[in-house]
């Protein structure tokens, strides 16, 4: 039975590999460029992930029998590039599920868990515009498209859509 839990320091090597696997599967449809390798090393190495935890970011994992299957990383100090609500917010910086287990409810469970753990914060994220599967998922999960932003890598700009969820307290009318 999969367990949803907070990431720990000993998870970071496997977590780094999980993120790299999903990132490459999503973005490297023409192969791996040096810029991709550099981005993965700089952003998702175990050392970089340790910095997340030390900075107070929240990271939850789905694990089953010692196998990491998915993760969500929430940055509490990021501001949405689009003004869309008045209360505190947090960015879902990454929400990744290993490809063989996509569409098994793990992403839904991770997103719901983050919302439950941070009920007074609106959550937002950016998603690469060509990533139709992720966009369909966020829309099924009642994410609202708020606008656009750009991800830059190796002097190339990539359109991303911004999606958001109001704080659960606001959703309940509190």
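The values are calculated or read from the model by the stated rules, or taken from the named source; none is laboratory data. Just so it is clear, the model here is predicted, and its values are computed rather than measured. For neighbour counting, all protein chains shown are included, and Cβ atoms are generated from backbone atoms with ideal geometry for every residue, glycine included.
Out of 93, 78, one residue alone is modelled with pLDDT of 95 or more, surrounded by 14 or more Cβ atoms within 10 Å (Cβ to Cβ) and touching a strand residue (DSSP E or B) at 6+ places or on another chain (Cβ under 6 Å). It is 93.
For region 7-42, which residues satisfy the criterion of being outside any helix (DSSP H, G or I), surrounded by fewer than 17 Cβ atoms within 10 Å (Cβ to Cβ) and touching a residue at least 12 places away in the same chain (Cβ under 8 Å)? The answer is 33, and nothing else. Look at (1) under 20 Å from residue 19 (Cβ atoms); (2) part of a helix (DSSP H, G or I); (3) touching a strand residue (DSSP E or B) at 6+ places or on another chain (Cβ under 8 Å) and you find that residue 151 fails only one, number (2). Being in contact with a helix residue (DSSP H, G or I) (Cβ under 9 Å, 6 or more places away or on another chain) and closer than 23 Å to residue 148 by Cβ is the requirement here; does residue 98 meet it? Against the criterion (in contact with a helix residue (DSSP H, G or I) (Cβ under 9 Å, 6 or more places away or on another chain) and closer than 23 Å to residue 148 by Cβ), residue 98 does not qualify. Would a scan of region 143-154 turn up a residue that is surrounded by fewer than 16 Cβ atoms within 10 Å (Cβ to Cβ), within 15 Å of the chain's Cα centre (by Cα) and modelled with pLDDT of 95 or more? Checked region 143-154: no residue is surrounded by fewer than 16 Cβ atoms within 10 Å (Cβ to Cβ), within 15 Å of the chain's Cα centre (by Cα) and modelled with pLDDT of 95 or more. On the basis of being exposed (fewer than 14 other Cβ atoms within 10 Å of the Cβ) and over 15 Å from residue 164 (Cβ atoms), does residue 103 make the cut? Here the answer is yes, as residue 103 does meet what is asked.
Can we say residue 139 is free of Cβ contacts under 8 Å to residues at least 40 places away in the same chain and within 18 Å of residue 26 (Cα to Cα)? In short, no.
Residue 52 falls short on exactly one of the conditions (1) touching a strand residue (DSSP E or B) at 6+ places or on another chain (Cβ under 8 Å); (2) at pLDDT 95 or above; (3) not in a strand (DSSP E or B), and that condition is (2).
Tallying residues that are in contact with a helix residue (DSSP H, G or I) (Cβ under 9 Å, 6 or more places away or on another chain) and farther than 12 Å from residue 16 by Cβ within region 43-58 yields 3. Take the residues in region 102-112 that are in contact with a helix residue (DSSP H, G or I) (Cβ under 9 Å, 6 or more places away or on another chain) and under 18 Å from residue 15 (Cα atoms); name whichever of them is modelled with the lowest pLDDT. So the residue we want is 102.
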